[in-house]
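Notes follow once the structure below has been shown.
What follows draws every value from the coordinates through simple rules; no lab data is involved. These figures come from a predicted structure and were not determined experimentally. Quick reminder, even Gly has a Cβ in these numbers, built from the backbone with ideal geometry, and neighbours come from all protein chains shown.
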Amino acid sequence: QCQLNGLWRNDQDSLMEISVLRDNGDFQGQYLTRVTLSGGCAQISPLKGAQQQLGEEGWPTFAFTVRWDKFSNATTAFVGQCFVDAGGKETLITMWLLREAVGSLEEAWKATR
């Protein structure tokens, strides 16, 4: 069974640590991104999320948000699922949507990636 708590590394060499995983599926942790909108150095940002209730059939799905408030006025929402291969290696497959703050309604079209 997949366990979300722990340290995860993505293909961009960013790190995510899920340090608190509650019985109800809520979790929190921190995200150290190596990719920044400002081109600056790596920064740690808080994350909060939830996974499908433990004990349900199949591999757990989850969602979490990261608030990039230390270096960017943006928030990213991630959704994904955890898998375990035949060798026991856990892998998270995710998709993300990032929203930057813009100065006007007319600029809103370019704020989401």
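So what J values fall out for the stretch 4-16 if you push phi through Karplus, 6.51 cos²θ - 1.76 cosθ + 1.60 with θ = phi - 60°, rounded to Hz, Gly and Pro as x?
6, 5, x, 10, 10, 10, 9, 6, 9, 6, 7, 10, 10
In terms of Cα to Cα distance under 24 Å, which lysines are near enough to residue 70, apart from those fewer than 8 places away along the same chain?
Straight-line reach from residue 70, under 24 Å: 48, 110.
Can you order the peptides 45-51, 6-12 by their average number of other Cβ atoms within 10 Å per residue, highest first?
45-51, 6-12
Mind listing the phi-derived Karplus ³J(HN,Hα) values for the stretch 81-92, rounded to whole Hz, using 6.51, -1.76 and 1.60 with θ = phi - 60°, and x for any glycine or proline?
9, 9, 10, 10, 7, 4, x, x, 7, 8, 9, 9
For residue 14, list long-range residues whose amide hydrogen, built 1.01 Å from N in the peptide plane, is under 5 Å from its own amide hydrogen.
The list, which skips near neighbours in sequence, is 34.
Once the piece of chain linking residue 1 and residue 22 is laid out straight, how much longer is it, given 0.36 nm per residue of separation minus the C-alpha distance between them?
5.9 nm
Which ³J(HN,Hα) values in Hz, rounded to whole numbers, follow from the phi angles of the stretch 102-113 under the Karplus curve 6.51 cos²θ - 1.76 cosθ + 1.60, where θ = phi - 60° and Gly and Pro get x?
Whole-Hz 3J(HN,Hα) from phi for the stretch 102-113: 10, x, 7, 4, 5, 8, 4, 4, 9, 8, 10, 10.
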